[in-house]
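For reference, the structure discussed in these notes is given below.
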Amino acid sequence: MSPFSQIITVTLWEFRRFFKPKNELIGIVVMLFIFSIGFFGGRYAASGEETKSELVVADNTDEYLISMLQESFEVTLLPADETGKHIGRISETEEGKYLQMQGDTFLLHAWEEPRQLGTLKGILDEYDQLRNMEREGVSGETLEKIFQGASLEETYFQDSFRRNRNIVAISFAILMVLAVFVSFAYQFTAITGEKQIKITEQIVSAIRPQRWMDGKILGITLTGIASVITYSIIGLLAGMLVSQFTGYSVFSVFDSLYFPSLAPTVILFLLFTILGILFWNAFLAAVASLINDPNNSGKTSFMMVPILFVVLSLLVLNNPDGTPAVFLSWFPLTSASAMPVRIAVSSVEWWQVAGSFAVLALAFYFLRMLAAMIFRFSILMTGKELSWLEVFRALTAKTPGKFQPPQSE
Amino acid sequence: MKAMNEKETVLRIDLLNKRFKTVQALRDLSFSVDRGDIFAFLGPNGAGKTTTLRILLDMIRADSGIIAWYFNGQQVSLPDPPLIGYLPEERGLYTDLPVIRSLVYLASIRGMQKNEARTAAMEWLERLDLADRANEKLMALSKGNQQKIQFISSILHKPAFAILDEPFSGLDPVNQEKFINYIRELNKQGMTILLSSHQMTLVEKLANKVCLINRGESLFNGSMSEIYKAYGNKHMVDVTFKNAVPVAEIQSFDGVESAVGTDPGTARIVLQSGTRLAPFFSQLAGADGVTHIRSHSRNLHDIFITLVNNHQL
C-alpha cells in the first residue's frame, strides 16, 4: 500500500469522523432560527420605541421649545395654575411626566426616571444654547460659519482598493483563527483521545507514525475549513435575511470588494490561510501528542498560542514596512496572517512574498515531523506524560532508537 | 549474513540487544520463525516479550542485533502493512463508533479494499455470533465481545504473519477453545503465527515451536517436541500429607531430583530421568501421613516454571 493511499485513508477517516453535514445543517437551521427570533424580537421591541411618549408641559412655556419637544414627544399643554394638582396626580396614578420652566431652569416631575430622559435633555440643551446665543446677539448664520470645517480637496495616488484588500486580509486572518479553533477540540479527540483508548499501538503497527500524523493533520484541517465554510454560509444567509428587512443588499458587500480586480490577491491570501491552518494544526497535533489527559495537563494552555500570534501579526497595520512588520511577515508563527495584511496595506516585493511562503511551508514540514516524533515516543510512555526535558532529548537524539522510553512490560 | 533457507524462514532475529535506562531488556536474543509455524513466545512479566514485539514492528529500535523478514523471496527490514497482523497486549478500539466501521477502517489502512473488508468483517462477526451487533458502538459490547472484535481487527486483512499478544485474555473457557480452533484454521490457511501468552495449557495445544525468555535472555528455543524431550521426560509426583511435609526425608529417597513444599501439607517431587515409579512409590508409602499421590509428566507450565526459577544471570 502506497504512503499516499494510507495518508488519504486516514485523512478521509478523520474528516468523515468529525465533519457531519447533517449536524452542520441542523446547526445552520438552529442559528437561523435563533437569529430570526433575535431579529424580529428586536424589531418588535424597537417598534415600541417609535411611539412618542406623552409629556405634559405648562402652557406658559416658550412656543419654540414646545415645537422642539413635539418632534420627539406627544406634548399636552396644561394651564400653569394647575401645576400643583397635576404633580399630585402623577404621585397618585404612578405615571406621567410634567415639564415646566422656572426662569432659566427646567423642572421635570415624573413617577420614575423616564426612558427618554437623554432625548429630553438633548432638546433642552439645544434650546438653552439657542436662547443664550440670542441673548448674546449671535445669529444662526454667524454660528454656522464659525463651525464650518476647512475646505479640503483630496487626491490620492495609491490604488483605491487598499481598503478592500485590507478587509479581505483581516477576514482571512479571522477565518484562519476560526478554523484553528474548530480544530482545537478535534485534535484532542483524534490524537489524545486515541492515546486514551489505547488504539495507537495497533494503528502504528499498520501505518508509519508520520503518515498517520499527516493524515490526522490534513483531515482535521479539512474539517476546520469545511466548518468555516459552513459558518460563512450561515453568515451569508443571516445577511440575506437582514437585507430583506433593511433594504440594504448583502451583495453590495461583494460589489464594494470588487472581486475581479482582487482575484489574484484573494487567491494569494487563500494560499497563506490554508498553509497557516495546516501549520497551526501541526502545532496543535504536536501539543496533543504530548498530552495524555486533557483534564489534568498543564500543556493544554498551549492550544491558545495561535490566537496570540494572529493578534500580534495585526501590529503590521501600524507600520507595514517597518522592521518589526517585515520580521512578523517572515516569522512562521505570524507570517500566515501578517504577510497578507502587509500586502493589503503596502507594496511588498514578490520575492518577499515567495520567501515568506517558503519559510512557512518549511516550518510546517518540520513541525509535522516533530508532531509525529513526539507521538511516536509518547505512545510508549505508559501512564506518564512526556516532560519538556524528554521532548528535548528526543529531538536531540541522533537516532530515534537512542531515546529510551521507560520499560513498559 | 548467514545463508538462509528463504523458502522456510519468515522471521529471523539474531543477537538482539536493548537496554532501557537501568534495565537490560533484551540480551543477545535469537530465534527464527518458519513459514506455517505457530510459534509460542513465552516469558514471565517483564521478560522482554512486548519489547521484542515492538522492536519487530519498528515501534522502538534495538541497540544492536539483526531482524530480517522474508516475504515473496525478498528480505526486508520491515514488512508492508498488509503482510502483518498485530493484536497488541494493550487493547483498544474506537469505542464510540460502530463496530463494522472500525473494522473496515483498520483493514483499509492495511491495504484492504473497503468492500472486501466489509464482507470479510461480516463473515467473521457471524462466526463469532456478533453479526447482529455490527452497527452498534463498541462500548455497548461486553469485555469478552470487545476482545473478539479486537481479534478480528488483527487478522481481518488476511496477513501472512500474525503477532498475537495474549489472544486468550478476557475470554471464558468456551471461547478460549473456539479461539484455539480459529487460530488453527488460520494457520492451516497459510498464516504464520507468533503467539505470546501466559496460558500454557492453551499454548501447548497450538504451538509447534517455542521460545522461552526470562529477563531478556533466551532460556529455550526449539520445537515443542524438543522442549518435552529436554525437560519433560522426568516424572513429577504431587503428594499430600496429613501433617507437615517431611521434605528432608523425601529428598533422601532414591531417584529424587528435587522436592519442594508447594502448599501446607503438599509437596511436588521431581524424579531423576529413568527413575522407575514402583520402587519410588514403595519408599513413599513408608513415609508418615501420606493421604494422596498423583504422578504426571511435566507439562509446559511445569517446564516454564522450572526454567524460570532456575534461571540465574
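Every number in this text was worked out from the coordinates using simple rules, so none of it is lab data. Small disclaimer: the values here were computed from a predicted structure and weren't measured. Note that each Cβ is placed from the backbone with ideal geometry, even for glycine, and that neighbours are counted across all protein chains shown.
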Distance histogram in 10 Å bins (all Cα pairs of the protein assembly as shown, percent per bin):
2, 11, 15, 15, 13, 11, 9, 7, 5, 5, 3, 2, 1, 0, 0
Spatially proximal aspartates and glutamates relative to A:Lys121 (Cα-Cα < 19 Å; intrachain offsets below 8 disregarded):
A:Glu49, A:Glu50, A:Glu54, A:Asp62, A:Glu63, A:Glu71, A:Glu74, A:Asp104, A:Glu112, A:Glu113
How much of the calculated P(r) for segment A:1-109 lies past 18 Å, in percent of all Cα pairs?
70 percent
Would you mind ranking B:Arg61, A:Arg368 so that the residue whose beta carbon has the fewest other beta carbons within 10 Å leads the list?
B:Arg61, A:Arg368
Order of A:Arg393, B:Arg101 under a 10 Å beta carbon neighbour criterion, fewest first:
A:Arg393, B:Arg101
What aspartates and glutamates sit close enough to B:Lys234 to cross-link, taking a C-alpha to C-alpha distance under 19 Å and skipping anything fewer than 8 places away on the same chain?
B:Glu204, B:Glu226, B:Asp254, B:Glu257, B:Asp302
Computed from the mean reciprocal separation of all distinct C-alpha pairs, what Kirkwood hydrodynamic radius does segment B:127-201 have, in Å?
13.1 Å
Relative contact order (%) - segment A:17-115, alpha-carbon pairs under 8 angstrom, separation at least six:
22 percent
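Mind listing which GluC sites (Glu not before Pro) in segment A:53-110 are in a DSSP loop and have 13 or fewer other Cβ atoms within 10 Å?
Sparse-neighbourhood loop GluC sites (Glu not before Pro): A:Glu71, A:Glu94, A:Glu95.
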Hydrodynamic radius by Kirkwood, which averages 1/r over all alpha carbon pairs of segment B:246-313, in angstrom:
13.1 Å
Could you grab the relative contact order for chain B? Cα pairs under 8 Å, six or more apart, rounded to a whole percent.
19 percent
Whether segment B:62-122 is rounded, prolate or oblate, judged on the alpha carbon gyration tensor where a/c under 1.5 counts as rounded
oblate
Checked segment A:105-172 with the C-alpha gyration tensor, a ≥ b ≥ c its square-rooted eigenvalues, rounded below a/c of 1.5, otherwise prolate if a/b is larger than b/c and oblate if not; verdict oblate
Within 10 Å of each Cβ in A:140-146, the average number of Cβ atoms from other chains:
0
If we count other beta carbons within 10 Å of each Cβ, what is the order of B:Thr201, A:Thr273, A:Thr189, fewest first?
B:Thr201, A:Thr189, A:Thr273
For segment B:100-243, what relative contact order do you get, as a whole percent, if you take Cα pairs closer than 8 Å and at least 6 residues apart?
16 percent
Please compare each pair in A:Lys20/B:Lys148; B:Lys21/B:Lys137; A:Lys195/B:Lys18; B:Lys49/B:Lys143; B:Lys21/B:Lys148 to a cut-off of 31 Å on the Cα-Cα distance and tell me which ones are over it.
B:Lys21/B:Lys137; B:Lys21/B:Lys148
Restricting attention to segment B:103-180, which GluC sites (Glu not before Pro) occupy a DSSP loop and are surrounded by at most 15 other Cβ atoms within 10 Å?
B:Glu136
Could you list, bin by bin from short to long, the percent of Cα-Cα pairs of segment A:127-226 in 5 Å steps?
2, 9, 10, 10, 7, 6, 5, 5, 6, 6, 5, 5, 5, 5, 4, 4, 3, 2, 1
